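Student: Here it is, the structure in full.
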Amino acid sequence: MSDKGPETEGAYDWQADRDRLVDAILPHVPFDGWSDAAFKAGAADAGLDLPRALNAFPGGMPEVLAHNHRRHDQVLIARMTREQGSGRIRERITQAVRMRLELVSGQREAVRAGLSFLMLPGNATLGPKLLYGTVDAIWHAIGDKSTDFSFYTKRAILAGVYSATLLYWLNDKSEGHAASWAFLDRRIDEVMKIPAVKGRLKSVFDKLPNPLHLLQRGGAQAGSREGLPLGMRPRRRRRA
């Protein structure tokens, strides 16, 4: 009998281990959640011993969830790049959001469990990062190359649309998720009214310190009387 393990039978492929392990873990998530139990069961199903599985995901289940999420973002970009047409931005955004949700239609319970998992205190920063990654992927997938003020506003607006549609979709029992796509259309209709508002906001921001610099340093906290971030409040003159 050969004493060769999986890693010595051929060239070790760390990325292949990650994909293989995630695919094996996902069927256990609806029953065990994003837990150590699901991780161990998936490793066993994938034929990986625990040390090798932990080498693939040293960060444990948060890293597994993030990898699965980002894989779908990359698939979305690839598909949208191949299928990109000459439609209006509204149509392409709608198509991209719908496609992103359809990519995980077979993992709906895992997605639902993932939202609860991301609400745990230790995972508080991961959820926003993954959401940002998805909306950024969508804008890139439809060919957006903005680098100005609109770069941030577009992503913030789409994050709201995507999040609301995701929550609706998770509880949608209509045939073919038709109700979810109607909900998405309504949200898109609403945000198409944003440009006029955005133009007025931009005229205000142009008179203040550059918000992009503040956002790049981690964002400012909300809190002024006018609703502006703290770091952007006009300084009050001291009385002599």
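The values are calculated or read from the model by the stated rules, or taken from the named source; none is laboratory data. Remember, predicted model here, so these are calculated numbers, not experimental data. All Cβ positions, even for glycine, are placed from backbone atoms using ideal geometry, and neighbour counts span all protein chains on display.
Student: Which of the residues that make up segment 171-185 are out of contact with any Asp or Glu (no Cβ under 6 Å at 6 or more places or on another chain) and more than 13 Å from residue 93 (Cα to Cα)?
Tutor: Scanning segment 171-185 gives 171, 172, 173, 174, 175, 176, 177, 178, 182, 183.
Student: Identify, from the list 64, 75, the residue that is surrounded by 19 or more Cβ atoms within 10 Å (Cβ to Cβ), in a helix (DSSP H, G or I), touching a residue at least 24 places away in the same chain (Cβ under 8 Å) and among the β-branched types (Val, Ile, Thr).
Tutor: None of the other options fit; the residue is 64.
Student: When residues of segment 154-167 are filtered for being surrounded by fewer than 19 Cβ atoms within 10 Å (Cβ to Cβ) and either hydroxyl-bearing (Ser, Thr, Tyr) or touching a Pro at 6+ places or on another chain (Cβ under 8 Å) (or both), how many remain?
Tutor: 1
Student: Now for a separate question. Taking the residues in segment 127-149 that are among the aromatic types (Phe, Trp, Tyr) and closer than 20 Å to residue 99 by Cα as candidates, determine which candidate is surrounded by the most Cβ atoms within 10 Å (Cβ to Cβ).
Tutor: Among residues in segment 127-149 that are among the aromatic types (Phe, Trp, Tyr) and closer than 20 Å to residue 99 by Cα, the one surrounded by the most Cβ atoms within 10 Å (Cβ to Cβ) is 139.
Student: In segment 105-195, which helices (runs of 4 or more DSSP H) lie fully inside it and hold 2 or more residues that are among the aliphatic types (A, V, I, L, M) and at pLDDT below 95?
Tutor: 126-141, 150-170, 178-191
Student: Right, another one. So which of 157, 138 ends up being over 18 Å from residue 111 (Cα atoms) and touching a Phe, Trp or Tyr at 6+ places or on another chain (Cβ under 8 Å)?
Tutor: Checking each option against the conditions leaves just 138.
Student: Residue 22: touching a Leu at 6+ places or on another chain (Cβ under 7 Å), among the β-branched types (Val, Ile, Thr), at pLDDT 95 or above and in a helix (DSSP H, G or I), yes or no? Break it down stepwise before answering.
Tutor: Working: touching a Leu at 6+ places or on another chain (Cβ under 7 Å): no; among the β-branched types (Val, Ile, Thr): yes; at pLDDT 95 or above: yes; in a helix (DSSP H, G or I): yes.
No, not satisfied.
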